[in-house]
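Here's the structure, in structure tokens; my notes come after.
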Amino acid sequence: MLTIIFVGPLFIYDIFLALVYPASVAAITTDSECLGSDRRPFNGGALGEREDGEAGECILWVDGTEGLVRSMDVIPETSGMETVVRTLIRAMEMPRSPAPPCRPKKIVVRNRELQFLLRGILQDLDINVEYQAQLPLIDELFRTFDSIDDRRPAPIPPPFDAPLKKLAREIWHLAPGKC
């Protein structure tokens, strides 16, 4: 059975539901009252750039009851909504915090498109999905991320790049660690 969900300008097939909605989620007990989520671009700083140079966005799932970050992902800004759903599944099954796996009673999001998508996906799990214009805990976390200074060292100047690489190769071949 293949149904199509129309979400804004995107078509998302229920085939991916088999990947992001495993039976194990239904088996998890309902422990948490509420999970909140948002997806935002970074305004630069240490967390705002991916290694491949592409602009990054952050998906954050927070347990509003405990005040814990359950899951966080930095993704390319071109990623679709399915990445938010995968991060939600990870937040429920394998949270990054010391909290045990849980299935929330309620999910609060700041994106109406995501609210519509999650309502369709989670309807059989008795999880309410609500829209809220502001999520204070998540807003504070993103403000903190934006305030982090970029402390990465500057790249090696071109005149020193080749000599340093040559020296590193020489030291590698000497194998000083194999005494």
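The values are calculated or read from the model by the stated rules, or taken from the named source; none is laboratory data. All of these numbers come straight from a predicted model, not from anything done at the bench. Glycine gets a Cβ as well: all are built from the backbone with ideal geometry, and neighbour counts include every protein chain shown.
Could you tell me whether any residue of region 70-78 is more than 12 Å from Ser37 (Cα to Cα), touching a Cys at 6+ places or on another chain (Cβ under 9 Å) and in contact (Cβ under 8 Å) with a residue 12 or more places away in the chain?
Yes, there is a match, as at least one residue in region 70-78 is more than 12 Å from Ser37 (Cα to Cα), touching a Cys at 6+ places or on another chain (Cβ under 9 Å) and in contact (Cβ under 8 Å) with a residue 12 or more places away in the chain.
Can you name the residue in region 128-144 that is in a helix (DSSP H, G or I) and over 18 Å from Thr83 (Cβ atoms) and is also nearest to the chain's Cα centre (by Cα) among such residues?
Leu141
Among the residues of region 97-127 satisfying the criterion of being within 18 Å of the chain's Cα centre (by Cα) and of a type in the set (A, V, I, L, M), which is modelled with the lowest pLDDT?
Ala99
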